[in-house]
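Read-outs: derived from the displayed coordinates by stated rules, not from any lab. Computed from a predicted structure; not experimentally measured. Neighbour counts run over all protein chains shown; Cβ positions are idealised from the backbone, glycine included.
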Amino acid sequence: MGVAEVEGPVQREGSRLWLLENLRDPAYVRLVYGSPSRLAKRLGQVSSAALEQAKRLTGLSG
């Protein structure tokens, strides 16, 4: 895969793409979330305000 093939998705998806890549790394998941089994619980604890801020930062709306 060349640069031209990945440039579009990276530009469109930005930080979301990198988060998904990080979630593939077991060491990252353990460090940030404690364990894979705690991932859903930890993500469920994200406040509405934090979600709105993330939407603004990533360019998502609604």
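Full extension of the chain between Arg30 and Lys55 gives 6.5 nm of extra length, using 0.36 nm per residue less the Cα-Cα distance.
Once you list every other residue whose beta carbon is under 14 Å from the beta carbon of Gly34, what net charge do they have if Lys and Arg are +1 and Asp and Glu are -1?
+4
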